[in-house]
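Down below is the structure, laid out as structure tokens.
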Amino acid sequence: MRDKIKGFYKGLPQAENFGDATDLMALFESWLADAEQHELNDPNAMSLATVDGDGFPNVRMVLLKSSGPDGFVFYTNIESAKGQELKNNPKAALCFHWKSLRRQVRIRGLIEPVTEEQADEYFSTRSRGSQIGAWASKQSRPLESRFALEKAVAVYGARFAVGTVPRPDYWSGYSLLPLEIEFWHDRPFRLHERLVFRRKGLNDVWITTKLFP
């Protein structure tokens, strides 16, 4: 059994004894750091699940830009489908799947907009092309042709040819404030290891529970 386990994880960092963890953010940051070392592309990629007005779920990939006491932060066009769904139902779920590490983290919680200052600060760090793209794209709305998008990029590229590109009013970010975080690690013979942290409210204490695989 021990030799099979060693072969199963050959060359991978081990998440030993994480079932006894008490600091969920420290655990998450350590797993994210491992992913940054071993995932080929976008270790900060996460699926974001929202619900529309008819109760139908939507899910798409976004990028985590920061995590900590202020929650899990990502940015988008707030007039997009996800932006409108988060406005009408400010609850969401996230999922990180680091295939190379055989690990997954699932998160559910409440959504709050970031501050104007936070949005401005992050927008200023984006490449100029991405800043122009934020102005040019009417995200999630019908596009008559690829040429229409390229034309819009050219128009805003000329408009902001010199100087700083300001952040559009409709481009900002959200923070997911977690109420539940589950850490999952693939183990041999499907005897996976699962640890979940839950709290009823943002000011309540976390309760940890180990789960059957």
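The values are calculated or read from the model by the stated rules, or taken from the named source; none is laboratory data. Note that the coordinates shown come from a computational prediction; the quantities given were computed from them, not determined experimentally. In this analysis, Cβ positions are derived from the backbone assuming ideal geometry, glycine residues included, and neighbour counts consider all displayed protein chains.
Is it true that residue 92 is at pLDDT 95 or above, in contact with a helix residue (DSSP H, G or I) (Cβ under 8 Å, 6 or more places away or on another chain) and within 30 Å of residue 194 (Cα to Cα)?
Values: at pLDDT 95 or above: yes; in contact with a helix residue (DSSP H, G or I) (Cβ under 8 Å, 6 or more places away or on another chain): yes; within 30 Å of residue 194 (Cα to Cα): yes.
Yes; evaluated as a whole, the condition is true for this residue.
Answer yes if at least one residue in segment 145-157 is without any contact (Cβ under 8 Å) to a residue 24 or more places away in the chain, over 30 Å from residue 211 (Cα atoms) and among the basic types (Lys, Arg), and no otherwise.
Step one: list which residues in segment 145-157 are without any contact (Cβ under 8 Å) to a residue 24 or more places away in the chain, which gives 145-155.
Keeping just the survivors that are over 30 Å from residue 211 (Cα atoms) gives 145-155.
Then drop every residue that is not among the basic types (Lys, Arg), which leaves 146, 151.
Yes: one or more hits.
How many residues are within 30 Å of residue 27 (Cβ to Cβ) and polar (S, T, N, Q) if we restrict to segment 45-93?
7
Across segment 60-72, what is the number of residues that are assigned to a strand (DSSP E or B) and out of contact with any Leu (no Cβ under 7 Å at 6 or more places or on another chain)?
Here is the first cut: in segment 60-72, the residues assigned to a strand (DSSP E or B) are 60-63, 66-68, 71-72.
Still in the running and out of contact with any Leu (no Cβ under 7 Å at 6 or more places or on another chain): 61, 63, 66-68.
Here the count works out to 5.
Taking the condition of being surrounded by 18 or more Cβ atoms within 10 Å (Cβ to Cβ) and not in a strand (DSSP E or B), how many residues in segment 80-99 meet it?
Result for segment 80-99: 5.
Quick grid of which residues meet (1) among the acidic types (Asp, Glu); (2) touching a Ser or Thr at 6+ places or on another chain (Cβ under 9 Å):
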| site | (1), (2) |
| --- | --- |
| 104 | no, no |
| 108 | no, no |
| 117 | yes, no |
| 153 | no, yes |
| 161 | no, no |
| 176 | no, no |
| 192 | no, no |
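Enumerate the helices (runs of 4 or more DSSP H) found wholly within segment 100-213, keeping only those where 2 or more residues are over 21 Å from residue 73 (Cα atoms), modelled with pLDDT of 95 or more and not charged (D, E, K, R). Break it down into steps so the answer makes sense when it comes.
Values: elements: 116-125, 128-136, 146-159.
By residue number, 128-136, 146-159.
Considering (1) over 24 Å from residue 201 (Cα atoms); (2) surrounded by fewer than 16 Cβ atoms within 10 Å (Cβ to Cβ); (3) not small (Gly, Ala, Ser), say which one residue 69 fails and leave the rest.
It is condition (1) that residue 69 fails.
Restricting attention to segment 25-45, does a residue exist that is within 16 Å of the chain's Cα centre (by Cα) and assigned to a strand (DSSP E or B)?
Among the residues of segment 25-45, at least one is within 16 Å of the chain's Cα centre (by Cα) and assigned to a strand (DSSP E or B), which makes the answer yes.
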